Amino acid sequence: MRCVAVAVGAIALALSVSCSGGDGAGAQSLAAADTPTAIAEPALPNAPSAAPTPQADTVPARFTFEGELTQGGWIRGQAPVGTASVRLGDQQLAFDAERHFFAAFDRDAGPEAELVATLQNRRVETTTLTIAPRAWQIERVNVARRSGGSSEAFMKRRRPELARIIAARAIDTGAQGWRQQFIWPVRGRISGRFGSQRIYRGEPGSYHSGIDIAGGDNATFVAPADGVVVLATDRPFSLEGYLLIIDHGNGLNSAFLHNSAILVREGDAVRQGQPIGRIGASGRATGPHLHWGIKWRDARLDPLLFTGPMN
Ligand SMILES: [Zn+2]
C-alpha cells in the first residue's frame, strides 16, 4: 500500500511540474537537469518568461577516458565537446571527428601528467592524471658492463639498420588498431618482462624494452591488433634478427624480434589475429622466443598493459 501511495505522489508531482512549466520550461529543465535550481524552477509562477540559459555555459566540458594510468601504460578517451586541440603535457594529440584520442606513458614517466583541451570558445579544460610508479625488476650484478657492439665494423652494419627502423616507425599509415583491445600474439611462458634492468657495478644497463614469450620454436604468432606492416626485413638485423614492425596508427606500433620467418610484406594491411610470423632465435637471442615491444611515439610501453594477463 505504501508503495502505491508513493507512486501516486510521484505521478502527481510529475503532472504538476509538467503543467506549470509548459513546453519551454520542460526542455530547459532537461538541459540543466544536474543544477539544483532546475528542480525548483518549474514550481515558480510564470516560469516560461525566464530567459533561456546558454547551454555552453551550463554543461560542463569533461574528458572521458579509460586505460592504464601507470608507467608503460596508456589512455584512450574522448575530449570535451567543442575541443579545438588536445595535449598531454607538451605533446599535441591527434583526435578523430568524434574527438577520440590515444596517448601513453613512457616506462620512466610520472608521477603526473596534464591532459589539456583547448575549446573553440577558448576555454581550457585540464585534467591531472596520476601516473602510478612501477616496481621494476632490478638485478644488481658484480660484473663490468659490456661495451660490446660499438666497434667501427659493427657500427658500419648497424647504422643502416637503425635508419630503417626509425624510418619505418615514422610512417603514419592511418591504421585503426589503436582503438582495439589487444590480444596476445602467441601464448607461452613469459621469459622476460618489460622494464626489467641490470645494474653492472652501479652502472645501469638499458632496460628490457618489451616482453619475451617462449612460445616454441617456429610457432606462429598473430597480429595483436589491426595494422599495416611498415618493416619486414629480408635479412636478419644484427640485434633484432628478422624484424617485423606493425603500425597500429595514431603513433602506436608493435615490433616483433628474433623471428625465424615473416609471413607478411611491407605495405600489407593485417587484421587482429592474422598470422604474421614465426618464432625464432635470429639476431642476438639465447634461444627461441618472441620479443614483442610496443611504442607510442618515443614512449616505450608494456605490452602486458594492453592485453591483460595471459590466463
Ligand atoms: Zn626481449
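The values are calculated or read from the model by the stated rules, or taken from the named source; none is laboratory data. Just so we're clear, the structure is a prediction, and the values are computed from it rather than from any experiment. Using ideal geometry, Cβ is built from the backbone for each residue, glycine included, and neighbour counts are taken over all protein chains shown.
Results, tabulated for the structure shown:
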quantity	calculated
Enumeration of residues in the stretch 136-168 that are under 19 Å from Ala232 (Cβ atoms) and in contact with a strand residue (DSSP E or B) (Cβ under 6 Å, 6 or more places away or on another chain)	Glu161, Ala168
Test result for Ile183, surrounded by 11 or more Cβ atoms within 10 Å (Cβ to Cβ), of a type in the set (A, V, I, L, M) and at pLDDT 95 or above	yes
Residue within the stretch 98-119 that is free of Cβ contacts under 8 Å to residues at least 12 places away in the same chain and out of contact with any Asp or Glu (no Cβ under 8 Å at 6 or more places or on another chain) present	no
Hits in the stretch 271-301 - residues which are touching a helix residue (DSSP H, G or I) at 6+ places or on another chain (Cβ under 9 Å) and surrounded by 19 or more Cβ atoms within 10 Å (Cβ to Cβ)	Ile294, Lys295, Trp296
Test for Arg87: is it under 28 Å from Asp172 (Cα atoms), out of contact with any Gly (no Cβ under 6 Å at 6 or more places or on another chain) and in the same structural domain as Arg193 (by TED's automatic domain parsing)	no
Pairs where the first residue, in the stretch 186-212, is under 23 Å from Ile245 (Cβ atoms) and touching a residue at least 24 places away in the same chain (Cβ under 8 Å) and the second is more than 12 Å from the ligand (Cβ to nearest atom) and among the small types (Gly, Ala, Ser), C-beta under 7 Å, 6+ apart	Val186/Gly215; Val186/Ala219; Arg187/Gly215; Gly188/Gly215; Gly188/Gly216; Phe194/Gly72; Gly195/Gly72
Residues within the stretch 115-149 that are surrounded by 14 or more Cβ atoms within 10 Å (Cβ to Cβ), of a type in the set (A, V, I, L, M, F, W, C) and more than 17 Å from Pro204 (Cβ to Cβ), tallied	6
Hey, Gln91 under 17 Å from the mean Cα position of the chain (by Cα) and surrounded by fewer than 17 Cβ atoms within 10 Å (Cβ to Cβ) or not	yes
Wholly within the stretch 192-311, strands (runs of 3 or more DSSP E) carrying at least 2 residues that are more than 13 Å from the ligand (Cβ to nearest atom)	197-200, 220-222, 227-232, 242-249, 252-259, 275-278, 290-296, 299-301
Selection count where residues are over 12 Å from the mean Cα position of the chain (by Cα) and closer than 22 Å to Leu305 by Cα, scope the stretch 72-86	1
